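Beneath this line is the structure, given in structure tokens, with notes to follow.
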Amino acid sequence: MDETRSSCELSGEGTLTAGSSRVLRFQPGFRWEGVPATEYKQAADHWRGVTRVSLVGGGGEATRFHLRYFEIAPGGFSSYECHRHEHAVVVLRGAGQVRLGATDHAIGFGDTVYVAPNESHQFRNLSESEPLGFLCVVDAERDAPVPLSEKDQSERLCPH
């Protein structure tokens, strides 16, 4: 495979059934027709109220990226973590906060967040009534997150 081509330029190497070209119809409530919303991760105390919808990637597509929609319920938060892969995030719904390293940033509709490799980060919904929803693009092949504790919150980078 030519490593200089974008994943959008990949010809159909192999037969894709689930990953064939398609349109996912947007539905009320920030859902997509035929695509289930799942729990963010295995249940744990270090995150709350987060669902994930996998829009592109993991379904047979030949992309080098995955596109997911995350929604954080009022008062919810993602895990405070770091990893070697980067993220690109675009807020579509609500408002909240992202912690990048030791700094908190307010985020709202249309804001774009770049999370650099090895940067500690966490997304929080501070609203009492409205979900925080965002698209997130990551590499298809990526490392597992390293959860961080409260004592790590002053650190900017991963401990590995």
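The values are calculated or read from the model by the stated rules, or taken from the named source; none is laboratory data. As the structure is a computational prediction, the values presented were derived from the model and not from experiment. Backbone-built Cβ (ideal geometry, glycine too); neighbour counts: all protein chains shown.
Among the criteria (1) part of a strand (DSSP E or B); (2) more than 20 Å from residue 41 (Cα to Cα), the one residue 129 does not fulfil is (1). Those strands (runs of 3 or more DSSP E) of the stretch 79-119 in which 2 or more residues are surrounded by 14 or more Cβ atoms within 10 Å (Cβ to Cβ), among the aliphatic types (A, V, I, L, M) and modelled with pLDDT of 95 or more occupy 87-93, 95-100, 112-115. Return the residues of the stretch 46-68 that are assigned to a loop (DSSP other than H, G, I, E, B) and more than 24 Å from residue 130 (Cβ to Cβ); say none if nothing qualifies. Correct list: 57, 58, 59, 60, 61, 62, 63, 64.
Just to be sure, is residue 39 among the charged types (D, E, K, R) and either crowded, with 19+ Cβ neighbours inside 10 Å or without any contact (Cβ under 8 Å) to a residue 12 or more places away in the chain (or both)?
No; evaluated as a whole, the condition is false for this residue.
If you filter the stretch 32-45 down to residues that are in a loop (DSSP other than H, G, I, E, B) and within 25 Å of residue 124 (Cβ to Cβ), you find that the one that is nearest to the chain's Cα centre (by Cα) is 40.
Going through (1) closer than 23 Å to residue 43 by Cβ; (2) in a loop (DSSP other than H, G, I, E, B); (3) at pLDDT 95 or above one by one, residue 136 falls short only on (2).
Per-residue answers, yes or no, for (1) in contact with a helix residue (DSSP H, G or I) (Cβ under 9 Å, 6 or more places away or on another chain); (2) within 19 Å of residue 116 (Cβ to Cβ); (3) free of Cβ contacts under 8 Å to residues at least 40 places away in the same chain:
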site	(1), (2), (3)
24	no, no, yes
35	no, no, yes
48	no, no, yes
60	no, no, no
63	yes, no, no
72	no, no, no
83	no, yes, no
96	no, no, yes
99	yes, yes, no
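Here residue 71 meets the list (1) under 12 Å from residue 134 (Cα atoms); (2) among the acidic types (Asp, Glu); (3) not in a strand (DSSP E or B) almost entirely, failing just condition (3). Considering 89, 53, 113, the condition of being in contact with a Pro (Cβ under 9 Å, 6 or more places away or on another chain) and either among the β-branched types (Val, Ile, Thr) or free of Cβ contacts under 8 Å to residues at least 12 places away in the same chain (or both) is satisfied by 53 alone.
Can you say whether residue 29 is at pLDDT 60 or above and assigned to a loop (DSSP other than H, G, I, E, B), as far as the supplied structure shows?
Considered against the rule, which asks whether it is at pLDDT 60 or above and assigned to a loop (DSSP other than H, G, I, E, B), residue 29 comes out as yes.
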